[in-house]
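The values are calculated or read from the model by the stated rules, or taken from the named source; none is laboratory data. Source: prediction; values computed, not measured. Ideal geometry is used to build each Cβ from the backbone, glycine not excepted, and the neighbour counts take in all protein chains shown. Keep in mind that these areas ignore ligands, DNA and RNA; they rest on the heavy atoms of the full protein, side chains included. Shrake-Rupley method; radii C 1.70, N 1.55, O 1.52, S 1.80 Å.
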Amino acid sequence: MRRGDYLVMAIVLALALAFGLGAFLSIGEDAEKTLVIRVNGEEQQRLLLLPGAPMEQIVVESQGFHLTIELQDGQARVAQADCPDGVCVHAGWISRPGAVAVCVPARVSIAVEGGGPAPDVVLQ
Amino acid sequence: MRRGSGVRRVALCGLIAAVAFALSFLESLIPFPMPLPGMKLGLANIATLFAVYALGAGEAALMVLTRCLLSALLFGGPTQLAFSLAGGMLALAVMELLRRLPGLSAYGVSVAGAAAHNIAQVAVAAFTLSTPAIWGYLAWLLPVSVVTGWAVALVYLFAWQRLRAPVRRMLGTPAD
């Protein structure tokens, strides 16, 4: 181990601290969760996911497929889709920041963003 | 410096690529909690490090590509391919850049490579999920990479100590 090695390690640890600080400081900035609907990777709509909100339905058409997206009470799901695999519908309700439901054939994705601190992994 | 007969270089490439592939499989067996499925610890960098010192960055890049493709095709998926390719390539670039610096030994080079590996993986995750929040994972992944980088260098040095002479003879060149 030479002197430079310690420097490298120190730099990496300093970076770790920097990222930690960044994560810590950005908590609470987005207190509200939003559902972002993307078609072909491009953002189409942003809707607020508010707890206690009444049912809202959005219909998205892409690549010849029709998807019905529902938002209700702080969560969202792909309620109906006529794509061949139905993985998107099978994903069910999503509400956690970072959660996504994707329809690959239709190239549509819905993602929950913002919302401040939330558990990252839930082990079952 | 590309001395040494072509066929022997290719043979050595193949050997190292096979080892890298095996390491890649081995690390998928270790139950380490990574933020997303498909992310890896970076043990295959042992082989990348070896390739960089024994052959050079160009062949090393080809080997990273080979082992990522094989590994993802056989027991991974497109997400794993994205993670391992990004991680492997950035690690290679960083290690190649750093290895000639006089103040550094293989330990520093390897830790830098491991850090780059994890940064690249998290970057891919942040890009695919479009959640900037995922960058926070680096707060604990980077210290982990100090440990894994150090371990990778240890194994590499152990191997290099024993294999340097046969490799030189095989390639007919004074490797460094």
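Taking the stated definitions as given, is B:ALA125 without any contact (Cβ under 8 Å) to a residue 60 or more places away in the chain, among the small types (Gly, Ala, Ser) and part of a helix (DSSP H, G or I)?
No, not satisfied.
Of the residues that make up segment B:19-42, is at least one assigned to a loop (DSSP other than H, G, I, E, B), in contact with a Leu (Cβ under 7 Å, 6 or more places away or on another chain) and over 22 Å from B:ALA159 (Cβ atoms)?
Yes.
Are any residues in segment B:17-35 open to solvent by 30 Å² or more (accessible area, probe 1.4 Å) and more than 15 Å from B:ALA72 (Cα to Cα), and if so, which ones?
Once the filter is applied, which keeps residues that are open to solvent by 30 Å² or more (accessible area, probe 1.4 Å) and more than 15 Å from B:ALA72 (Cα to Cα), segment B:17-35 yields B:VAL19, B:ILE30, B:PRO31, B:PHE32, B:PRO33, B:MET34.
Cβ-Cβ distance below 9 Å, separation of 6 or more or different chains: which pairs start in segment B:74-91 with a residue that is within 14 Å of B:HIS117 (Cβ to Cβ) and end on one that is open to solvent by 50 Å² or more (accessible area, probe 1.4 Å) and polar (S, T, N, Q)?
B:GLN80/B:SER28; B:ALA82/B:THR128
Looking at segment A:52-60, can you tell me whether even one residue there is on the phi > 0 side of the Ramachandran plot and within 14 Å of chain B (Cβ to nearest Cβ)?
Checked segment A:52-60: no residue is on the phi > 0 side of the Ramachandran plot and within 14 Å of chain B (Cβ to nearest Cβ).
Restricting attention to segment A:66-79, does a residue exist that is at the interface with another protein chain (Cβ under 10 Å from one of its Cβ atoms) and touching a strand residue (DSSP E or B) at 6+ places or on another chain (Cβ under 9 Å)?
no
Any idea which of B:GLY38, B:GLY77 is surrounded by fewer than 23 Cβ atoms within 10 Å (Cβ to Cβ) and within 14 Å of chain A (Cβ to nearest Cβ)?
Sole residue among the options that is surrounded by fewer than 23 Cβ atoms within 10 Å (Cβ to Cβ) and within 14 Å of chain A (Cβ to nearest Cβ): B:GLY77.
In segment B:51-65, how many residues are surrounded by fewer than 18 Cβ atoms within 10 Å (Cβ to Cβ) and in a helix (DSSP H, G or I)?
4
Look through segment A:89-103, keep the residues that are over 18 Å from B:PRO132 (Cα atoms) and assigned to a loop (DSSP other than H, G, I, E, B), and return whichever of them is most open to solvent (accessible area, probe 1.4 Å).
Among them, the one singled out is A:TRP93.
Residues of segment B:109-135 being open to solvent by 30 Å² or more (accessible area, probe 1.4 Å), closer than 17 Å to B:LEU41 by Cβ and within 9 Å of chain A (Cβ to nearest Cβ), which ones?
B:ILE119
Would you mind stating whether A:GLY52 is in contact with a strand residue (DSSP E or B) (Cβ under 7 Å, 6 or more places away or on another chain) and modelled with pLDDT under 85?
no
Name the strands (runs of 3 or more DSSP E) wholly within segment A:1-88 that hold at least 1 residues that are in contact (Cβ under 8 Å) with a residue 12 or more places away in the chain and exposed (fewer than 15 other Cβ atoms within 10 Å of the Cβ)?
By residue number, A:42-49, A:56-62, A:65-72.
Considering only segment A:89-103, state which residues are touching a helix residue (DSSP H, G or I) at 6+ places or on another chain (Cβ under 7 Å) and without any contact (Cβ under 8 Å) to a residue 60 or more places away in the chain.
Across segment A:89-103, the qualifying residues are A:GLY98, A:VAL100, A:ALA101, A:VAL102, A:CYS103.
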